[in-house]
Structures are given as C-alpha cells and as structure tokens.
Amino acid sequence: MKIDILSLFPEMFEGVLNSSILKKAQEKSAVQFKVIDFRAFAENKHKKVDDYPYGGGAGMVLAPQPIFDAVESLTKDSASPRIVLMCPQGERLTQEKSEELAKEDHLIFVCGHYEGYDERIRQHIVTDEISIGDYVLTGGELAAMVVVDSVTRLLPGVLGNAESSQQDSYSSGLLEHPHYTRPADFRGLKVPDVLLSGDHAKIQKWREKESVRRTYERRPDLLDKGDRTSEEKQWLRGLEERKGK
Ligand code: ADE
C-alpha cells in the first residue's frame, strides 16, 4: 500500500512513522509512506496556502490551488486512490472504517492546521472525511497518524502471530478479556485460578465470558451491533439479573 500525507508540518510525522510497527511495516515493504509539504505547490510568490474567508469572519481558510495541485501530482499514475480529509466534521473513525481503508492500494491524507478548508476541496477532490472523535485538535496531523497507524497494522504481514489483530478489541465486536502475566501472586493480588489450570477449553470459555462482561460494563452500545451467540445471550441475561438485584 502507498500512503501519502499532505501537511504543512511534515516533521510531525517523523517519530511516528519511523518507530515500532510502522517502521517495521516499511522495512517489510508492506507500506510506503510519503509526507509532502503542500506549501511547495503554492503558485504565489510568498508560498501562501491560506487566505481570508469570503464574507468575513475570524480565521483563515486553506485555498484550493495548493491542495488540488499536490493531490493531482500524486494521482497521475494511480487508478483511484481514496483521498481522506482529516477534520472534526468527518465521519467518526471506527475499526470497520480502518478495515475498509486497509483494502485499498493507495491512500492520500490531507491535513489542515488551524484553518478551515475551502469547500471546493471537500466537494471536488476528497473521497472521505474522517474525524477521530468529538473534540477539536490544532490540526489534522495527529488524527491522520491515528488513522495511518490503525490501517497499517491491518496490512498483510505487518503484525506477527504474537501481535495478531484477530483478537483485538472491536474486531470481534466485543472488548478484549483481561490479561495477566507472572507472578501468579503479586503483593497478595492473585491471578484467577482458571488461568493457571492448564485447561485450555476452560480458559477459552472464561475469556469469552469476561469479554462479554467487560463489553456489558463498559460499552453496552457495542452489544447491540453484532450478532451474539445463544451462549453470549445467556451470559448477558445473567449479568442483567445480577445488576437488577
Ligand atoms: N482536525 C482537528 N480536529 C480533528 C479531529 N477531531 N479529527 C480529525 N481531524 C481533526
């Protein structure tokens, strides 16, 4: 996959793209990142990328020309990349959206900073608008990093078995079960006996049940989305009853 990022602050991406799994993903050629300062595409003498809003008001607006030209320079020999605008008005990022983007060959992220975007950018070049949550950041860069991270880890060959994304919270529609490591007794705080039993079937059941419990307690909204097995439904009835008492 090719991931291009348009930003006025390319240096913000250096640490994130060149560390940990994202670094390894590039080394394995699962992904190729390019961060482009779209100021370089500004046609005016002072390399200005924004201007005052028509109709007046506070703040500046990112002009269409540098962003249109920067995107077009990247799409010349690309079939039909997804062009993702980072903004608080976009659709909220979900695991499902990351899975959808991970199927593409080419993604282009557009990050504004401080300013708004000229509406023609939204209407004529962008295919997706994404928000990472209902809060306002100083720019789209941090948000783009979040999306790039969550997409890249899903690409084939990026995660080893040990880090597999199959059991992630959200990929099953449920939150993950609790985890424990050694020691079995830490300052009198004990690991649940079942995990020390060596009975793998029993451990698996315990994990499934804890996963349902955790989702019920923390994110009951997720339970309405996916299909639940009859066993899961039974556990949920048990949790409901206990709550009622
Ligand atoms: N830019 C500013 N705030 C944002 C948010 N919450 N998500 C995506 N891009 C943004």
Report task. Report, to the nearest whole %, how much of the accessible area of the chain belongs to carbon and sulfur atoms, 1.4 Å probe, protein only. Result -> 49
Query raised in the report: With each pseudo-label sitting 7 Å past Cα toward Cβ, what's the T181-E240 distance in nm, one decimal?
Result: 3.9
Report task. Note down the relative contact order for the stretch 18-126 as a percent, whole number, built from C-alpha pairs under 8 angstrom at least six residues apart. Result -> 27
**Report entry** Projected label distance in nm at V194 and E231, using a 7 Å step from Cα toward the beta-carbon
**Finding:** 1.0
Query raised in the report: For the stretch 167-244, what are the per-bin percents of Cα-Cα distances with bins 10 Å wide, up to the bin holding the maximum?
Result: 17, 45, 30, 8, 0
Query raised in the report: Roughly what % antiparallel, to the nearest 5, for the DSSP beta bridges in the chain?
Result: 20
Query raised in the report: R214 to E27: extension gain in nm, 0.36 nm per residue of separation minus the Cα-Cα distance?
Result: 63.7 nm
Query raised in the report: Distance from the Cα centre of the stretch 36-59 to that of the stretch 60-131, in angstrom?
Result: 17
Report summary line: Sequence order, the stretch 131-144: Karplus ³J(HN,Hα) from phi using 6.51 cos²θ - 1.76 cosθ + 1.60, θ = phi - 60°, Hz rounded, Gly and Pro as x, gives 10, 8, x, 7, 7, 10, 9, 6, x, x, 4, 4, 5, 4
Report summary line: With every protein chain kept in place and a 1.4 Å probe, the chain has an accessible area per residue in Å² of 61
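What net charge do the residues around V16 carry, taking every other residue with its C-beta under 12 Å from that of V16, with Lys and Arg at +1 and Asp and Glu at -1? Provide the component values of the computation, followed by the final result.
On the way: positive: K23; negative: E11, E14, E141, D149.
Spelling it out: positives minus negatives among the neighbours equals -3.
Stretched out fully, how many nm does the piece from S73 to S19 gain, at 0.36 nm a residue minus the Cα gap? Walk me through the numbers on the way to the answer.
Details: separation 54, 0.36 × 54 = 19.44 nm, distance 2.77 nm.
Result: 16.7 nm gained on full extension.
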Report task. Find how many whole Å separate the alpha carbon centroid of the stretch 141-189 from the alpha carbon centroid of the stretch 1-20. Result -> 22
Query - Rounded tilt (10° steps) of 64-75 against the dominant C-alpha axis of the chain - result: 70
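For a protection proxy built on the mean count of beta-carbon atoms within 10 angstrom, sort 96-104, 5-13 highest first, please.
5-13, 96-104
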Requested in this report: Can you figure out the FRET efficiency of E99 with T138, using R₀ = 30 Å and their beta-carbon distance, to the nearest 0.05?
Outcome: 0.60
Requested in this report: Could you tell me how many degrees, from 0 to 90 and to the nearest 10, lie between the Cα long axis of helix 200-218 and the main elongation axis, the longest principal axis, of the Cα atoms of the chain?
Outcome: 60
Query raised in the report: Could you work out the helix-only [θ] at 222 nm for the chain, with each DSSP H run of four or more residues adding -39,500 (n - 2.57) and the total divided by the number of residues, to the nearest 500 deg cm²/dmol?
Result: -10500 deg cm²/dmol
Requested in this report: Collect residues whose amide H, placed 1.01 Å from N in the peptide plane, falls under 5 Å from the amide H of H106; neighbours closer than 5 in sequence don't count.
Outcome: K2, R82
Query raised in the report: Using θ = phi - 60° and the Karplus curve 6.51 cos²θ - 1.76 cosθ + 1.60, what whole-Hz ³J(HN,Hα) does each residue of the stretch 13-22 get, with Gly and Pro shown as x?
Result: 8, 4, x, 5, 6, 10, 9, 6, 5, 5
Query raised in the report: With no solvent and one point on each alpha carbon, what is the Debye value of log10 I(q)/I(0) for the chain at q = 0.08, 0.09, 0.16 Å⁻¹?
Result: -0.44, -0.54, -1.15
Query raised in the report: Any idea what the relative contact order of the chain is, in percent, if you count C-alpha pairs under 8 Å spaced at least 6 apart?
Result: 18
**Report entry** Set of lysines near K34 by C-alpha distance (under 19 Å), chain-local residues within fewer than 8 positions excluded
**Finding:** K2, K23, K24, K76, K103
Report summary line: Largest fluctuation, P81, P192, P53 only, Gaussian network model of the chain with Cα springs under 10 angstrom, belongs to P192
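The values are calculated or read from the model by the stated rules, or taken from the named source; none is laboratory data. This one's a predicted model, so the numbers in the text were calculated from it and none came from an experiment. A quick note on method: Cβ atoms are made from the backbone with ideal geometry, for glycine too, and the neighbour counts reach across all protein chains shown. In case anyone asks, the SASA skips ligands and DNA or RNA and just uses the protein heavy atoms, side chains included. Shrake-Rupley method; radii C 1.70, N 1.55, O 1.52, S 1.80 Å.
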